[in-house]
1. Please pull out the direction-averaged projected area of region 102-154, using the convex hull of its alpha-carbon atoms, in nm² to one decimal place.
2. Take the alpha-carbon positions of region 107-219, form their convex hull, and give its projected area averaged over all directions (one quarter of the hull surface) in nm².
3. Which log10 I(q)/I(0) values, to two decimals, does region 59-139 give at q = 0.14, 0.22 Å⁻¹ under the Debye formula with one point per Cα?
4. For the chain, modelled as a Gaussian network with Cα springs under 10 Å, which listed residue fluctuates most, 155, 195, 95?
5. Can you compute the modelled spin-label distance between residue 198 and residue 156, with each label point 7 Å from Cα toward Cβ, in nm?
6. Looking only at Cα atoms, what is the convex hull volume of the chain per residue, in Å³?
7. Would you mind pulling out the separation of the Cα centroids of region 186-219 and region 38-100, in Å?
8. With only Lys, Arg, Asp and Glu charged, each at its Cβ (+1 for the first two, -1 for the last two), find how big the charge dipole of region 117-160 is about the Cα centre; round to the nearest 20 debye.
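What follows draws every value from the coordinates through simple rules; no lab data is involved. What you see is a predicted model, and the numbers here were worked out from it, not measured in a lab. All Cβ positions, even for glycine, are placed from backbone atoms using ideal geometry, and neighbour counts span all protein chains on display.
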Amino acid sequence: MKKLFILAAVLLAPALYAYDEYTCCSYEETPRYGLQTNTTRVEFYAGVALPEDDWSENGQTLQIGDTGFTAGLAFVRNILPWLTLGLDGNYAGFSTGDDLTLSTGDTVNYRSGVGTALITGRAYLFPKAMTRLYATAGLGAGYMYAKEKNEAADSSETYDSTDFAWMLGAGLEFDIDETVVFGAEGRYNWVGLRSDMKNRFGKDDFGYWTFMLKLGVKF
């Protein structure tokens with residue numbers, strides 16, 4: 001009988017080991033939704049860009065640009081589950097504005113764009129949930145250009161500027177699975193103007209809105 005118990009123990013040992021491995025790994029492989037400390041994400045953005053307002057020149061409305069598109073890339077690191085720091089690069093390209101008649105009688109129009117490179121931060125509500133709300137802000141540098149096209153002379157001239165930039169925004173995101181995040185974000189963006197841009201248009205800054213969808217991958 002004693003030998004029979006020993007034989008049964010030997011035969012059952014592999015089965016018990018396999019069960020233990022299965023329960024262990026199954027537990028560890030339970031999906032981990034939400035945000036955790038010391039995790040990283042790469043995010044891709046795309047959406048629309050809207051200039052804040054029109055300018056004026058000699059009593060006429062000057063459209064430096066009209067509704068356009070925006071696209072960007074962000075690198076985000078969770079310092080705490082509810083707090084992130086990161087780097088953000090974004091470009092907004094505006095479509096051609098309405099024609100403007102200059103004092104010389106020439107008719108011109110403008111196409112413009114803004115590129116920004118920012119250090120950003122986010123504060124989350126419900127960081128452990130699959131669906132989360134957050135506020136975001138960023139500081140850095142911005143480059144803006146405006147291409148002035150003279151229709152009659154069939155010529156163009158480009159004015160540009162590099163200066164301080166910032167943004168404020170809010171977003172909503174949710175986990176598609178353990179690693180993929182989808183969301184939407186709206187921002188108010190501001191960039192200072194100097195050199196050619198300031199001299200040509202007599203303005204110190206330019207503001208615009210961006211509304212974007214995003215897709216992110218967690219590591």
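1. Working: hull surface 26.7 nm².
That works out to 6.7 nm².
2. Values: hull surface 34.6 nm².
One quarter of the hull surface, i.e. the mean projection, equals 8.6 nm².
3. -0.65, -0.98
4. Checking each option, the largest mean-square fluctuation is seen for 155.
5. It is 2.6 nm.
6. Details: hull volume 28.6 nm³, N = 219.
Hull volume over Cα atoms, normalised by residue count, gives 131 Å³.
7. Centre-to-centre (Cα) distance: 5 Å.
8. 700
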